[in-house]
Amino acid sequence: MPPKAKITKEMVIDAGLNIVREDGQENLNVRSIAAKLGCSTQPVMYHYETVNDLKADIYAAADSFHTGFITSPEQGTDDPMLSIGLRYIRFADDEKNLFRFLFQSDKFRNTGFRELIGAEGNPAIKPLCEAAKLTEAQAKEVFATLFICVHGIASLLANNSIEYDEEYFSGLLRNTLFGAVAVLKGSN
């Protein structure tokens with residue numbers, strides 16, 4: 001008789017991530033992961049002290065997937081800021097369950113808006129400074145304005161409140177970005 005396949009931590013995380021993607025975070029639990037892997041709950045929890053530790057790893061995997069999605073290079077995009085914003089919006093439309101898990105759950109609650117915008121190493125700030133000739137403080141303000149617009153559109157999409165329309169969203173993002181830059185430059 002061949003030995004049973006070992007359930008690895010990566011297999012558990014992948015199964016959990018797929019459950020969230022396919023069925024939503026409300027269906028994520030040890031039993032559903034075990035069922036997806038075709039095993040009992042014991043091999044699933046072998047790698048974790050608590051269910052919260054397991055869910056934290058699944059959240060981290062979802063976050064990594066999201067980051068890869070929004071930062072993947074795209075051809076034909078003239079403005080990197082708008083491109084990332086549009087990919088963020090597309091992610092919410094393509095991966096509704098993951099978007100809600102990442103940004104509309106208690107897991108995101110401890111991330112303050114100001115910390116998110118002003119996070120050390122925010123990759124959007126330096127290009128904004130250079131492209132629009134803004135100070136770092138101004139770039140953070142423009143980014144905050146753009147992020148609120150992008151996240152609002154994405155949230156509406158993830159909750160099936162609007163239909164995806166890239167051309168329309170692109171126009172909204174351009175108006176938001178260029179309007180915010182113009183207001184800040186006019187206030188100097």
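Any read-out appearing in this document is the output of simple, stated calculations on the displayed coordinates, not a laboratory observation. Small disclaimer: the values here were computed from a predicted structure and weren't measured. FYI the Cβ positions are ideal-geometry reconstructions off the backbone, even for glycines, and counts take in every protein chain you see.
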Which of (1) 28, 19, 17; (2) 54, 22, 12; (3) 38, 17, 14 is the computed semi-axes √(5λ) of the Cα gyration tensor in Å for the structure on display?
(3)
Structure-based [θ]222 nm, the chain - -39500 (n - 2.57) summed over DSSP H runs of at least 4, per residue, nearest 500:
-21500 deg cm²/dmol
As I understand it, the dipole of the chain uses +1 on the Cβ of Lys and Arg and -1 on the Cβ of Asp and Glu, about the Cα centre. Which of LEU28, HIS151, VAL51 lies farthest toward its positive end?
VAL51
Please name which of SER83, GLY16, PHE99 has its Cα lying farthest along the dipole of the chain towards the positive end, using unit charges on Cβ (Lys, Arg +1; Asp, Glu -1) and the Cα centre as origin.
GLY16
List, in order, the whole-Hz ³J(HN,Hα) value for each residue of the stretch 43-53 obtained from phi through the Karplus relation with A = 6.51, B = -1.76, C = 1.60 and θ = phi - 60°; use x for Gly and Pro.
x, 5, 7, 4, 8, 9, 7, 9, 5, 4, 5
Place a +1 charge on the Cβ of each Lys and Arg in the stretch 1-72 and a -1 charge on the Cβ of each Asp and Glu, then give the dipole magnitude about the Cα centre in debye, rounded to the nearest 20.
300 debye
